[in-house]
Amino acid sequence: MKALVVDDSRVIRKIVSRILAPMGFEAIEAENGEAALEQLEAHGDMALCCIDWNMPVMSGLDLVVAIRKNAEWRDITLMMITAEGEQDQIVRALAAGAHEYVIKPFTPEVIFDKLQFLGLVKAKETA
Amino acid sequence: MTVTAETFDFVAKIVRQRSAIQLEPGKEYLVESRLAPLAKRAGALDVDSFVRAMRADISQHAMVVEALTTNETSWFRDLNPFVALRDVVIPELIDRGRSPLRIWSAACSTGQEAYSIAMILTEDFPFVRSNIVATDLADHVLAKGRSGRYTQLEINRGLPAPMLVRHFERQGPTFEISSHLRSQVTFRKHNLLDAAPAGGPYDIIFLRNVLIYFDVATKREVLSRVRGAIAPGGYLVFGAAETTIGVDDAWERVQVGNCSLYQARERRAT
């Protein structure tokens with residue numbers, strides 16, 4: 001499965017990609033919303049997008065809106081991963097079409113739990 | 001970079017031997033994130049070199065196992081039991097005319113399990129009456145559960161964002177669960193070796209990831225108390241890696257979706 005990791009911080013992109021790898025995702029990276037749209041055009045089989053909110057050129061929220069406008073991308077799961085943690089921001093992101101919302105900082109388990117709930121990784125034995 | 005296969009296999013082996021918990025492939029990130037603080041404290045370069053160095057030192061194994069099995073509470077933990085409840089168990093109990101539904105979350109820690117059940121009842125079965133009793137031995141976790149206030153990190157663990165928005169309100173640095181959900185759960189102090197808490201017999205009992213810390217005799221004792229507290233045809237929910245098999249033959253395993261649940265044999269409804 002392919003996952004697009006969109007964040008203007010290279011470090012965060014690497015961390016998220018590294019968390020996703022053992023869960024079976026091949027991560028592709030983009031540094032803002034516009035670059036993300038280019039990657040989505042180039043890869044037709046993206047299963048997941050992890051999206052930061054505050055980025056130059058095009059914000060994460062604008063990216064969510066843009067993705068939701070394209071019917072070809074309707075099966076892509078959208079998960080915000082951002083430091084923005086106000087309730088009205090979470091509501092706005094979900095209303096725009098994001099499926100999930102992770103507030104930074106986060107641990108690998110946080111991502112695993114969310115993807116499990118979304119059915120993108122299988123629920124396995126506890127640990 | 002995650003841990004090597006050699007590290008993962010070794011850690012999975014000692015965790016399985018000492019706790020009966022299976023670390024499936026794919027959980028390498030868990031090994032790394034849980035052991036990294038230990039590696040750092042030991043002055044090791046990374047988790048791999050830490051594990052290599054402690055392999056022969058059996059005295060350190062318990063610490064590693066504990067780091068991997070410590071009961072970190074999350075919302076909808078392991079997910080499958082909650083799906084089984086929503087799709088099969090609760091509808092079946094309703095069909096059988098059970099009202100109110102009596103549910104016991106045993107060794108509830110800070111209450112995420114009990115509130116997860118309350119969210120399912122509120123969202124999917126809004127007209128069903130229910131009483132949820134959540135018990136633990138430790139006063140401080142009960143106080144936290146009663147307060148219904150959770151930090152951002154705790155909220156991140158397994159709580160779907162749509163449910164966060166529907167059932168919580170941000171109060172400064174914490175998120176507070178709705179008074180409606182709080183009113184559905186009663187927190188009580190309880191020792192698993194004492195008689196079951198008042199409010200039974202229970203249709204559903206969650207007893208997850210706690211028996212692994214007991215020896216076989218104590219497990220039997222606890223299970224016999226639980227058997228006395230469960231309603232005819234009621235369901236016992238264990239942790240994903242736990243079983244009554246070989247401990248207490250009075251339980252029958254029932255497969256519900258992706259989840260194994262248990263019913264008391266002689267009292268199982270037909």
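The values are calculated or read from the model by the stated rules, or taken from the named source; none is laboratory data. Just so you know, these numbers come straight off a predicted model, no measurement behind them. Reconstructed Cβ throughout: ideal geometry from the backbone, glycine too, with neighbour counts over all protein chains shown.
Worth pointing out:
- Long-range neighbours under 7 Å by Cβ, at least six apart or interchain, first residue closer than 19 Å to A:Glu31 by Cβ within the range A:62-74, second β-branched (Val, Ile, Thr) and outside any helix (DSSP H, G or I): A:Leu63/A:Val6; A:Leu63/A:Ile51; A:Val64/A:Ile51; A:Ile67/A:Ile76
- Test: A:Ile76 is under 25 Å from B:Thr151 (Cα atoms) and within 12 Å of the chain's Cα centre (by Cα): no
- A residue that is buried (at least 20 other Cβ atoms within 10 Å of the Cβ) and under 21 Å from B:Glu92 (Cα atoms) occurs somewhere in the range B:206-218.
- B:Arg86 vs. criteria under 30 Å from A:Met80 (Cα atoms), touching a helix residue (DSSP H, G or I) at 6+ places or on another chain (Cβ under 6 Å), in the same structural domain as B:Asn209 (by TED's automatic domain parsing) and in contact (Cβ under 8 Å) with a residue 24 or more places away in the chain: yes
- Put simply, of B:Phe76, B:Phe82 the only residue that is in contact with a Phe, Trp or Tyr (Cβ under 6 Å, 6 or more places away or on another chain), part of a helix (DSSP H, G or I) and closer than 25 Å to B:Tyr202 by Cβ is B:Phe82.
- Considering the range B:107-206, the qualifying helices (runs of 4 or more DSSP H), each wholly inside and each with 2 or more residues that are hydrophobic (A, V, I, L, M, F, W, C) and under 26 Å from B:Ala240 (Cα atoms), run over B:112-124, B:139-147, B:152-156, B:161-167.
- The set of residues in the range B:231-270 being touching a residue at least 60 places away in the same chain (Cβ under 8 Å) and surrounded by fewer than 21 Cβ atoms within 10 Å (Cβ to Cβ) consists of B:Ala231, B:Gly233, B:Val256, B:Gly257, B:Asn258, B:Ala269.
- Inter-residue pairs, beta-carbon under 6 Å, first within 14 Å of another protein chain (Cβ to nearest Cβ) and more than 16 Å from B:Glu266 (Cβ to Cβ) and in the range B:208-230, second among the polar types (S, T, N, Q) and part of a loop (DSSP other than H, G, I, E, B), 6+ apart: B:Asn209/B:Asn71
- Any hit, the range A:32-49, residues being within 14 Å of chain B (Cβ to nearest Cβ), hydrophobic (A, V, I, L, M, F, W, C) and crowded, with 17+ Cβ neighbours inside 10 Å: no
- A:Met58, sole failed condition from (1) more than 24 Å from A:Val91 (Cβ to Cβ); (2) of a type in the set (A, V, I, L, M); (3) more than 14 Å from every other protein chain (Cβ to nearest Cβ): (1)
- Search result, residues across the range B:70-107 that are on the phi > 0 side of the Ramachandran plot, out of contact with any Gly (no Cβ under 6 Å at 6 or more places or on another chain) and either surrounded by fewer than 20 Cβ atoms within 10 Å (Cβ to Cβ) or within 13 Å of chain A (Cβ to nearest Cβ) (or both): B:Asp78, B:Leu79, B:Gly97
- Qualifying residue in the range B:10-27 (condition: closer than 15 Å to A:Pro108 by Cβ, within 14 Å of another protein chain (Cβ to nearest Cβ), touching a Leu at 6+ places or on another chain (Cβ under 6 Å) and at pLDDT 80 or above): no
- Answer residue from the range A:14-28, given it is more than 10 Å from chain B (Cβ to nearest Cβ) and under 15 Å from A:Lys2 (Cβ atoms) and is surrounded by the most Cβ atoms within 10 Å (Cβ to Cβ) among those: A:Val16
- Members of the range B:76-120 found to be of a type outside the set (D, E, K, R), in contact with a Lys or Arg (Cβ under 9 Å, 6 or more places away or on another chain) and closer than 18 Å to B:Leu164 by Cβ, listed by number: B:Thr110, B:Gly111, B:Gln112, B:Tyr115, B:Ser116, B:Ala118, B:Met119, B:Ile120
- When residues in the range B:218-270 are screened for being of a type outside the set (Val, Ile, Thr) and farther than 19 Å from B:Ala106 by Cα, 13 of them pass.
- For the range A:94-103, a residue qualifies if it is more than 8 Å from chain B (Cβ to nearest Cβ), touching a helix residue (DSSP H, G or I) at 6+ places or on another chain (Cβ under 9 Å) and either under 15 Å from B:Met163 (Cβ atoms) or surrounded by fewer than 18 Cβ atoms within 10 Å (Cβ to Cβ) (or both), and exactly one does: A:Gly97.
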